[in-house]
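K.L.:
The structure follows.
Please treat every number below as a calculation from the coordinates, not as lab data. Predicted, not measured: the structure shown is a model, and the values here were computed from it. Neighbour counts run over all protein chains shown; Cβ positions are idealised from the backbone, glycine included.
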Amino acid sequence: MTESLILRRPDDWHLHLRDGALLKAILPETARHFGRAIIMPNLVPPVVTGADAAAYRARILAACPPEMDSFKPLMTLYLTEDTDPDDVADAHAKGIVTAVKLYPAGATTNSASGVRDFDKVRPVLERMAEIGMPLCVHGEVTDSDIDIFDREAVFIERVLDPIRRATPGLRVVMEHITTSDAVAYVAENEKNLGATITTHHLIINRNHMLVGGIKPHYYCLPVAKRESHREALVKAATSGDHRYFLGTDSAPHSDPNKESACGCAGVFSATNTISCLAEVFEAADALPRLEAFASLNGPAFYGLPPNADTITLRKGAPVSYPDKIASGEGPVTVFDPGFDLHWYVEG
Ligand code: DOR
Ligand code: ZN
């Protein structure tokens, strides 16, 4: 039985760090274990220009505890119908931003400035294809007549595939995939396509959220689907296939904002993600492939080297994590996987 595992230091290819007091409180939860993270731009107001991204990066670095100062935030721009292709290319050339994020307008938290008419962003996408800059996509349609559980599958057919056909050189990350439809699409499309999978979508299905009382801390977008979809995600993540990599989508909201008549979407999993993933991969008899998913496939997609240093996981008696992280904006509940965690990161 494997009792320890050395991995290249992992990266998180989809993370919400927020700003101000919340940023200060939750950043160490990621920086403690991860080398780099792709930082989502859905602040209020959103991070839309290279100058916004440079200023946000400076605030993140200032909030990082000195003992974790090797953590590197990789910035993204929030794509709007007014985004200037020259500003995007300039910020990319200067190393300020790594990727652009596409939110369909209204799809999720702070997405009101997102894209309504995908033709309007065609010039930006063409430019990104030219310079090899990845587009991270929140893949859900927002049409009121499309059932929330079908929104990812419909997006792939109506929006994603047409965009990729129109701009075949564009490197696309399907973010936080939640369905076997998404896995099937990735399987059929080898070129210029990757997909992130969250920790929580590998662990919960919609029953966990809804049976026996509504569990607001399991509510996120895209919403967790039925068990067969979760199984397809576990198979994809643990396969070692280079197109799948970790993007936790760890997305803190204060408890009052989650435990409300209209609760916010987001699961906060930064604190215990590595332990949770080790359990998932061990249960799938795939521990040797955890490094590919968490530490190697993401950098390869982004054209970056893996982190030079390593972390050591050890297995022992169940480990405990705080239930909540205190912040100046109130407590933030840590993801509860619903089972004991035996793997921990040493040191
Ligand atoms: O659950 C989610 N929370 N999904 C998203 O796409 C956004 C995120 C957030 O910012 O809270
Ligand atoms: Zn997200």
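K.L.:
Just to verify a number: FRET efficiency for Ala112 and Glu231, C-beta to C-beta distance, R0 = 25 Å, to 0.05? Please list the in-between numbers first.
P.N.:
Working: r = 34 Å, r/R0 = 1.38.
Efficiency at R0 = 25 Å is approximately 0.15.
K.L.:
Among Glu231, Glu67, Glu130, whose mean-square fluctuation peaks in a Gaussian network model of the chain (Cα, cutoff 10 Å)?
P.N.:
Result: Glu67 has the largest fluctuation of those listed.
K.L.:
Further question: Explain nothing, just the number: dipole magnitude of the chain about its Cα centre with +1 on each Lys and Arg Cβ and -1 on each Asp and Glu Cβ, in debye rounded to the nearest 20. Numbers along the way, then the final one.
P.N.:
Details: 33 positive and 46 negative charges, 83 e Å.
Its charge dipole is roughly 400 debye.
K.L.:
Another question, if that's okay. Ranked highest first by average number of other Cβ atoms within 10 Å, how do 132-142, 337-347, 186-196 line up?
P.N.:
Per-residue Cβ counts within 10 Å, averaged per peptide and sorted highest first, yield 132-142, 186-196, 337-347.
K.L.:
Need one number: nm distance between label points at Lys94 and Thr310, each 7 Å from Cα along Cα→Cβ, rounded to one decimal.
P.N.:
Here the answer is 3.9 nm between the modelled labels.
K.L.:
Now, a different point. Quick one: Karplus J couplings for the range 159-174, per residue in order, coefficients 6.51, -1.76, 1.60, θ = phi - 60°, nearest Hz, x for Gly and Pro?
P.N.:
10, 5, 4, x, 4, 5, 5, 6, 10, x, x, 6, 8, 10, 10, 7
K.L.:
Which entries of Lys24/Lys72; Lys225/Lys258; Lys101/Lys215; Lys101/Lys191; Lys24/Lys215; Lys215/Lys324 show an alpha-carbon separation above 23 angstrom in the structure shown?
P.N.:
Correct reply: Lys101/Lys215; Lys24/Lys215.
K.L.:
Run the numbers for Val211 and Asp323: contour at 0.36 nm per residue of separation, minus the present Cα-Cα distance, in nm.
P.N.:
Extra length from Val211 to Asp323 when fully extended: 38.2 nm.
K.L.:
Continuing with the same structure: Taking the Cβ of Ala317 as the centre, find all other residues whose Cβ is under 15 Å away and add up their charges (Lys, Arg: +1; Asp, Glu: -1).
P.N.:
Counting the neighbours of Ala317, the net charge comes to -2.
K.L.:
Would you please put 170-176, 20-26 in order of how densely packed they are, using the mean number of other Cβ atoms within 10 angstrom per residue and starting with the highest?
P.N.:
Going from most to least packed, we get 170-176, 20-26.
K.L.:
Over all directions, average the projected area of the Cα convex hull of the chain and note it in nm².
P.N.:
The directionally averaged projection comes out at 16.1 nm².
K.L.:
Let me ask something else. Working out 0.36 nm times the residue gap between Asp84 and Ile148, then minus their Cα-Cα distance, what length gain in nm do you get to one decimal?
P.N.:
Extra length from Asp84 to Ile148 when fully extended: 19.9 nm.
K.L.:
Against the 2.2 N^0.38 Å scaling, with N counting residues, where does the range 230-338 land? I'd like the Cα-based Rg ratio to two decimal places.
P.N.:
Numbers: Rg = 15.9 Å, N = 109, 2.2 N^0.38 = 13.1 Å.
It is 1.21.
K.L.:
Could I ask something else about it? Near the amide H of Lys101, under 5 Å away, which other amide H atoms are found, from residues 5 or more places off or on another chain, if H is placed in the peptide plane?
P.N.:
Leu77, Tyr78, Leu79, Cys136
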